[in-house]
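Just below is one structure, and these are the notes that go with it.
The values are calculated or read from the model by the stated rules, or taken from the named source; none is laboratory data. Bear in mind the structure is a predicted one, so any value in this text is a computation, not a measurement. A quick note on method: Cβ atoms are made from the backbone with ideal geometry, for glycine too, and the neighbour counts reach across all protein chains shown.
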Amino acid sequence: MMKRLLLLLTVISVLLFAVAPACAQATSKAKKPTVTKSTIAEPQSPAELEAIVAAHRKQLLSKIKTPPLSPFHPQLPKRIELPNGMVIFLQEDHELPLIDGSITIRGGSRVEPAEKVGLVAVFGQVWRTGGTRTRTGDQLDDYLEARAAKVETGGRSDATTVGWSSLKNDFNDVFDVVLELLREPEFRSEKILLAKQQIATGISRRNDDPAAVARREAVKLAYGADSPFARTVEYATLEAVTRQDLLDWHQRFVHPNNMILGVTGDFDPATMEAKLREAFASLPKGPAAEKNPKTPIHPAKPGIYFVNKEDVNQSNIRMVDLGIRRDNPDYFAVDVMNEVLGGGFASRLIQSIRTKQGLAYSVGGGIGSTYDHPGITALGMGTKSETTVKSIEALDTELGKMLSEPVTAAELKRSKDSILNSFVFEFDSKDKVLSERMTYEFYGYPADFLERYRAGVEKVNAADVERVAKKYLHKDQMRTLIVGNQAEFDKPLSTLGPVTPIDITIPGTPPGTPAAASGGER
């Protein structure tokens, strides 16, 4: 190896010796430029160098011409309403020989009794795993697995759901399973027990992850701990759920006038419509579930709230307040403002708190929105324990700047471009468009709300952004939550104001016997 290195050095030396005279001759013939401080100004500081680089970058970017966005006109599904009130959407997609479907049924955890929180979670799981009167859940597993298909059920705050996916040629077999579950679910006791055990395990571990604790407790601060949007399942409320509760829930809500069904895939629309009419048109109406039921919201008072976790070396910080609904005329301007404040790597929060101050790896937030009730305005970040108070002060400072410093033309353009350029990818498949259209139907939004979004964002100007920031961001109304180890904080939290401790102790004990957890008789 040493010999090869010496040989290489020798060759290089010979080559340099050979070309040196020619280089010297060429140099002597050329006129030597006079370099003075007046002709080339060397950067005197890192800031000047950064400014030069930024100017050069701006010059290069200005030469890149981006074409205007193409018109956005997605293929909308066909809407059918049956005489019994059931709404059906059909979305053809012949790319693959698959047929997927879903049914959304009004009635979710926001209307379950406070003493039985967890009922919808158990219902959503056991509806499928409990099988039907003629087939157990395990038998359904085998039947569907043999066809590479799936049928799933679930529950959320405002609905329960049934969904399926199958090969085109197996659609009839799989759809029969869906109809069985809709008409004659069994809710077998052993599956109720299993579901409760799984949920109870989740309860017992819910304080393990500090980020999850921060998310859960922040929602309670925004909506109120007793609000259906924030309350959590406990051992006692879980144990109170019985098999009869599941049967009663099914009887109360699972009726065609409470259902919205969507099918997408490789099918003939006339044939599919005829099949669905045959399956559902003869079903009688049942009790109508309330659309978008009024749900109590009682936010905690503004202030500092603290969860002490001595087993962590980082702090999770959340600043929360109530947000807006998506039918608010300011919705589009709020989305642009969110992008300016905390929507991406070029946002103010990232550039200041992460890039310049180095206080966090992840930081972001904005004014939240939902369809039928106010979302949550939330700013959040994680930081090491030793910079907890400094980070909270930094968040507060940036929030203040959003209210006082004008939005620049560059910020506005970048934010709108970011939203509009990513928008099309959020709805780049026919099943995504179908899902969005079903959501609008569920909440009573205009059918063309999706197409209105792009036009709404394009119209937003700097004055709009500044106006909605001042209208919906309220520094004095923020509830600031910290989950961390106070022994390692840079300053006492009391330097920020009075501190309210939050007790996250899990009440009660897991259900002790199979009989207690089974939900009663079969």
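Checking each residue in segment 420-467 for being out of contact with any Phe, Trp or Tyr (no Cβ under 6 Å at 6 or more places or on another chain), within 22 Å of T370 (Cβ to Cβ) and not in a helix (DSSP H, G or I) picks out F427, G444, Y445, P446, A447, D448. Could you check, for segment 298-311, whether at least one of its residues is polar (S, T, N, Q) and touching a Ser or Thr at 6+ places or on another chain (Cβ under 8 Å)? Within segment 298-311, none of the residues are polar (S, T, N, Q) and touching a Ser or Thr at 6+ places or on another chain (Cβ under 8 Å). Scanning segment 262-274 for residues that are crowded, with 16+ Cβ neighbours inside 10 Å and either part of a helix (DSSP H, G or I) or small (G, A, S) (or both) gives G262, G265, M272, E273.
I'm trying to understand the selection: among the residues of segment 468-481, which are surrounded by 18 or more Cβ atoms within 10 Å (Cβ to Cβ), assigned to a helix (DSSP H, G or I) and either in contact with a Leu (Cβ under 6 Å, 6 or more places away or on another chain) or among the aliphatic types (A, V, I, L, M) (or both)? First the steps, then the outcome.
The initial filter retains those residues of segment 468-481 that are surrounded by 18 or more Cβ atoms within 10 Å (Cβ to Cβ), namely 468-469, 472-473, 478-481.
Now restrict to residues that are assigned to a helix (DSSP H, G or I): 468-469, 472.
Passing the criteria: V468, A469.
If you go through segment 310-325 and keep only what is outside any strand (DSSP E or B), of a type outside the set (D, E) and surrounded by fewer than 19 Cβ atoms within 10 Å (Cβ to Cβ), you end up with V312, N313.
Quick check, is T232 in the same structural domain as I88 (by TED's automatic domain parsing), β-branched (V, I, T), surrounded by fewer than 20 Cβ atoms within 10 Å (Cβ to Cβ) and over 27 Å from the mean Cα position of the chain (by Cα)? For T232, the condition - in the same structural domain as I88 (by TED's automatic domain parsing), β-branched (V, I, T), surrounded by fewer than 20 Cβ atoms within 10 Å (Cβ to Cβ) and over 27 Å from the mean Cα position of the chain (by Cα) - is not met. Close Cβ contacts (under 7 Å, 6 or more residues apart or on different chains) running from residues in segment 289-309 that are surrounded by 15 or more Cβ atoms within 10 Å (Cβ to Cβ) to residues that are assigned to a loop (DSSP other than H, G, I, E, B) and hydroxyl-bearing (S, T, Y) comprise T295/S227; I297/S227. Filtered by the rule that a residue be surrounded by fewer than 21 Cβ atoms within 10 Å (Cβ to Cβ) and closer than 28 Å to K390 by Cα, segment 363-377 gives G364, G368, G375.
Scanning segment 385-434 for residues that are touching a Lys or Arg at 6+ places or on another chain (Cβ under 8 Å) and without any contact (Cβ under 8 Å) to a residue 12 or more places away in the chain yields a single hit, E426. Number of residues in segment 116-157 that are among the aromatic types (F, W, Y) and surrounded by fewer than 23 Cβ atoms within 10 Å (Cβ to Cβ): the value is 1. The residues of segment 436-466 that are modelled with pLDDT under 95, in contact with a helix residue (DSSP H, G or I) (Cβ under 6 Å, 6 or more places away or on another chain) and aliphatic (A, V, I, L, M) amount to a single one, L450. Scanning segment 158-214 for residues that are aromatic (F, W, Y) and assigned to a helix (DSSP H, G or I), we see that the one that is surrounded by the fewest Cβ atoms within 10 Å (Cβ to Cβ) is F175. Scanning segment 394-409 for residues that are exposed (fewer than 15 other Cβ atoms within 10 Å of the Cβ) and among the charged types (D, E, K, R) yields K401, E405. Can E217 be described as in a helix (DSSP H, G or I) and closer than 28 Å to D142 by Cα? So E217 does not fit the description; no. Of the set (1) in a helix (DSSP H, G or I); (2) under 30 Å from the mean Cα position of the chain (by Cα), all apply to S227 but (1).
Rundown of residues vs (1) assigned to a loop (DSSP other than H, G, I, E, B); (2) modelled with pLDDT of 95 or more; (3) acidic (D, E); (4) not assigned by TED's automatic domain parsing to the domain that holds S415, yes/no style:
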{"residue": "N328", "(1), (2), (3), (4)": "yes, yes, no, no"}
{"residue": "D335", "(1), (2), (3), (4)": "no, yes, yes, no"}
{"residue": "V340", "(1), (2), (3), (4)": "no, yes, no, no"}
{"residue": "F345", "(1), (2), (3), (4)": "yes, no, no, no"}
{"residue": "S352", "(1), (2), (3), (4)": "no, yes, no, no"}
{"residue": "G358", "(1), (2), (3), (4)": "yes, yes, no, no"}
{"residue": "G364", "(1), (2), (3), (4)": "no, yes, no, no"}
{"residue": "T377", "(1), (2), (3), (4)": "no, yes, no, no"}
{"residue": "G380", "(1), (2), (3), (4)": "no, yes, no, no"}
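Taking the conditions (1) more than 30 Å from P74 (Cα to Cα); (2) of a type outside the set (V, I, T); (3) out of contact with any strand residue (DSSP E or B) (no Cβ under 8 Å at 6 or more places or on another chain) in turn, L399 satisfies each one other than (3). Determine if segment 470-489 includes at least one residue that is modelled with pLDDT of 95 or more and more than 30 Å from T383 (Cα to Cα). No, because not a single residue in segment 470-489 is modelled with pLDDT of 95 or more and more than 30 Å from T383 (Cα to Cα). Among residues of segment 235-261 being under 21 Å from F442 (Cβ atoms) and aromatic (F, W, Y), the one that is surrounded by the most Cβ atoms within 10 Å (Cβ to Cβ) is W249. Per this entry, L412 is not counted among residues that are part of a helix (DSSP H, G or I), modelled with pLDDT under 95 and surrounded by 17 or more Cβ atoms within 10 Å (Cβ to Cβ).
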